[in-house]
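S.K.: I have a structure here, written as structure tokens, and I will follow up with some questions on it.
Laboratory data are not the source of any read-out in this text; all were calculated from the coordinates shown. Treat the numbers as computed from the prediction; the structure is a model and nothing was measured. Quick reminder, even Gly has a Cβ in these numbers, built from the backbone with ideal geometry, and neighbours come from all protein chains shown.
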């Protein structure tokens, strides 16, 4: 059995105001080619198909056109889709009665019977007489068996599914949309911060060894977990932020044969690149010099997205105008200017008492903040004058309000 595993498409995503529909269309065309070339038997899409629980009509059409085209071209292909935390599970499941006739199975929610029991059989999807897939959507609070913690509840759900599936099937594939223990979040190898004391950091090591392959979504970096090649994130096929610019976009091809699973990572060369200049924040003169090295030409829908990383020592009112002027004629699309300040973070501070806070001088507070934030000895006179005028206006307005009362 040959499986293609993908996740985290985020259809409908806007990158700093730029529409990405053409990027997603290009990615889906490439994916359709991979399905045809590999003659895949099973396509697993592990959550976050859409960027929003209320996707646009254009985003939904893009998905349904893709599903129609690949099922028509590959009639033997089976597709299983699970919801992610960005998706509306109920909305995703809505067209299921129609899509199931095309071998497309969607699991967006965890069903319960009238007596409140989880319908485990609904999450066990037969592939053939020997193989099944545990199609588990993103699990929100309460969508798992009662347990002492979120982690225990998620593990209990997978353990119960495994027990029930083994009664009928010899080969078990699993899907999930979560941050499992050991997963790396960003391209620089740092781990994603735990949410609410580990709520979103799930240890599945006790059950995943029983699975022939576990298709994960949620983390955008393609990776295997805990040296287990069969427990894997496919990664997002398009970078969602500049922190992901170093990621290698890809899909995973898993082949199960004679009880052994082999893994292949197939990279996708996304058509729109992410540029951050300079590599480390620099003062404005160096930034303008780096801009001179950008590619020249017309701006197209495939021009790179540009992030400017600027080191500042104080307010620079004309900063953006100078940068925008400098990139005129460059084949890039400016998305953001990240201004980083130099400041002394070694000074100790102590909390203020209530009386101290009431009697604090706003001008002194502003000057202290400016000096700490920009690493300067004092605030410029021009800013001091503007701030003092504002403070006087506020004080006068407060006095007038009290008089009227």
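S.K.: As I understand it, the value is the acute angle between the Cα axis of helix 150-166 and the longest principal axis of the Cα atoms of the chain; what does it come to in degrees, rounded to 10?
M.R.: 20
S.K.: Hey, another quick one. Just to be sure I understand: if I project the alpha-carbon convex hull of the stretch 103-261 onto a plane and average over all orientations, what area do I get in nm²?
M.R.: Value for the stretch 103-261: 10.3 nm².
S.K.: To continue, here is another question. Return the distance in nm (one decimal) between the two label points of a simple spin-label model at residue 16 and residue 156, each offset 7 Å from Cα along Cα→Cβ.
M.R.: Each label point lies 7 Å from its Cα, and together they span 4.6 nm.
S.K.: Between residue 382 and residue 293, what is the FRET efficiency for a Förster distance of 41 Å, r being their Cβ-Cβ separation, to the nearest 0.05?
M.R.: That pair, residue 382 with residue 293, gives E of 0.75.
S.K.: How far is helix 381-404 tilted, in degrees, relative to the longest principal axis of the Cα atoms in the chain, given as a value from 0 to 90 rounded to the nearest 10?
M.R.: Roughly 90 degrees between the two axes.
S.K.: Which of the three applies to the stretch 274-341, rounded, prolate or oblate, going by the alpha-carbon gyration tensor with a ≥ b ≥ c and a/c under 1.5 meaning rounded?
M.R.: prolate
S.K.: Among DSSP beta bridges whose residues both lie in the chain, state the antiparallel percentage, nearest 5.
M.R.: Taking every DSSP beta bridge with both residues in the chain, the antiparallel ones total about 35 percent.
S.K.: Sticking with this structure for a sec: Based on other C-beta atoms within 10 Å, arrange 381, 23 from fewest to most.
M.R.: Lowest to highest Cβ neighbour count: 381, 23.
S.K.: What is the gain in length, in nm to one decimal, between residue 115 and residue 302 on full extension, counting 0.36 nm per residue of separation less the C-alpha to C-alpha distance?
M.R.: Going from the current span to full extension adds 62.0 nm.
S.K.: A follow-up question, please. From the Cα gyration tensor of the stretch 210-327, with a ≥ b ≥ c the square roots of its eigenvalues, which class applies: rounded if a/c is under 1.5, or else prolate if a/b is larger than b/c, or else oblate?
M.R.: It comes out prolate by the Cα gyration axes.
S.K.: Right, here's the next one. Quote the relative contact order of the chain in percent (integer), defining contacts as alpha-carbon pairs under 8 Å separated by 6+ residues.
M.R.: It rounds to 12 percent for the chain.
S.K.: Given R₀ = 25 Å, FRET efficiency for residue 364-residue 319 by Cβ-Cβ distance, to 0.05?
M.R.: That gives a FRET efficiency of 0.35.
S.K.: For 330, 371, which order do you get if you count the other beta carbons within 10 Å of each Cβ and list the fewest first?
M.R.: If I rank by nearby Cβ atoms, fewest first, I get 371, 330.
S.K.: Same structure, new question: Be a star and scan the stretch 21-43 for residues whose amide nitrogen sits under 20 Å from the point 7 Å along the Cα-to-Cβ vector of residue 262.
M.R.: Within reach of a label on residue 262, which here means backbone N under 20 Å from a point 7 Å along Cα→Cβ, the stretch 21-43 contributes 34-43.
S.K.: I'd like to compare 225-236, 101-112: which one has the highest average count of other Cβ atoms within 10 Å, and what's the full order after that?
M.R.: 225-236, 101-112
S.K.: Please give the helix 57-73 orientation as an angle from the longest Cα principal axis of the chain, in degrees from 0 to 90, rounded to the nearest 10.
M.R.: Long axis of 57-73 versus the principal axis of the chain: about 30 degrees.
S.K.: Which shape class applies to the stretch 2-267: rounded if a/c is under 1.5, otherwise prolate when a/b exceeds b/c and oblate if not, where a ≥ b ≥ c are the square roots of the Cα gyration tensor eigenvalues?
M.R.: Note, shape of the stretch 2-267 comes out rounded.
S.K.: Label residue 148 and residue 273 with points 7 Å out from Cα along Cα→Cβ: what is the distance between them in nm?
M.R.: Rounded to a tenth, the inter-label distance reads 5.3 nm.
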